[in-house]
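The values are calculated or read from the model by the stated rules, or taken from the named source; none is laboratory data. If you're wondering where the values come from, they're calculated on a predicted model, not measured in any experiment. Cβ atoms come from the backbone with ideal geometry, glycine included; neighbour counts cover every protein chain shown.
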Amino acid sequence: MGSLTDSNKIPIKNLYYMLCYAWGHLAEKEFANIAREDEKDIKHLLTRILLVKLRSLIKRGYFKEYIGFQEETSTLRGRILFQESINIFSFKRGKMHCEYEEMSHNILHNQIIKSTLYYILQSPKLAKELKDEVIQVYVHFSEISLVKLHPNLFKKVKLHRSNQHYRFVLDICRFLNESLLSQ
């Protein structure tokens, strides 16, 4: 049985390969080649790979979903909520309560990614050059809200054929959140 110091000599790329195998993303193992040989730790390697995947996601376009809204408005749209409008006399002010849906990028998938990038930027041990790269990608998420990351939040994400390309990115975000950013 090796000592603890021997276990620290495991190449970072080997840890990445094991994560790809465990997550069922064997095709993604090739991304370890983009990392430098002198990567400090798994957090730096995963951050670098996350940035590559996010750049391709930005080029491809964010996934959008319908988000429901309810508001009192003077412009009718969607479904009119008569009971709410009558209860607070909205019609006397020339308004009505309406319920409608809009396509939006501000969905849980993208919120998790932005929040992960935010927490990566807060890390004091992150190399300056890598931090600059994270900032360049983070800017593209300006219209997306931050959320407080916790393990149950990742369970709420619904993945299907249309947004399957998010699976690997979200797996990296979950790993960074649960293992490395909480330290």
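Quick look at the values:
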read-out: Flag if R48 is surrounded by 12 or more Cβ atoms within 10 Å (Cβ to Cβ), touching a helix residue (DSSP H, G or I) at 6+ places or on another chain (Cβ under 7 Å) and of a type in the set (D, E, K, R); value: yes
read-out: Answer residue from the stretch 125-183, given it is of a type in the set (K, R) and within 17 Å of L50 (Cβ to Cβ) and is surrounded by the fewest Cβ atoms within 10 Å (Cβ to Cβ) among those; value: K125
read-out: V147 vs. criteria in the same structural domain as I42 (by TED's automatic domain parsing), under 18 Å from the mean Cα position of the chain (by Cα) and either part of a loop (DSSP other than H, G, I, E, B) or among the aromatic types (F, W, Y) (or both); value: yes
read-out: Residue under evaluation V137, criteria (1) farther than 20 Å from L19 by Cα; (2) over 13 Å from the mean Cα position of the chain (by Cα), criterion not met; value: (2)
read-out: Tabulated pairs, the stretch 160-172, first not assigned by TED's automatic domain parsing to the domain that holds A22 and modelled with pLDDT of 85 or more, second in a helix (DSSP H, G or I) and surrounded by 19 or more Cβ atoms within 10 Å (Cβ to Cβ), C-beta under 6 angstrom, 6+ apart or interchain; value: none
read-out: Residue, surrounded by the fewest Cβ atoms within 10 Å (Cβ to Cβ), within the stretch 87-124, restricted to residues that are more than 26 Å from the chain's Cα centre (by Cα) and in a helix (DSSP H, G or I); value: K92
read-out: Lone unmet requirement of (1) modelled with pLDDT under 75; (2) of a type in the set (S, T, N, Q); (3) touching a helix residue (DSSP H, G or I) at 6+ places or on another chain (Cβ under 8 Å) for N8; value: (3)
read-out: Some residue of the stretch 102-118 being of a type in the set (G, A, S), in contact with a Phe, Trp or Tyr (Cβ under 9 Å, 6 or more places away or on another chain) and without any contact (Cβ under 8 Å) to a residue 60 or more places away in the chain; value: yes
read-out: Test for K155: is it charged (D, E, K, R), on the phi < 0 side of the Ramachandran plot and without any contact (Cβ under 8 Å) to a residue 12 or more places away in the chain; value: yes
read-out: Yes/no for E84 being at pLDDT 80 or above and assigned to a strand (DSSP E or B); value: no
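Okay, residues lined up against (1) in contact (Cβ under 8 Å) with a residue 40 or more places away in the chain; (2) of a type in the set (A, V, I, L, M):
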{"site": "I58", "(1), (2)": "yes, yes"}
{"site": "K64", "(1), (2)": "yes, no"}
{"site": "F69", "(1), (2)": "no, no"}
{"site": "L76", "(1), (2)": "no, yes"}
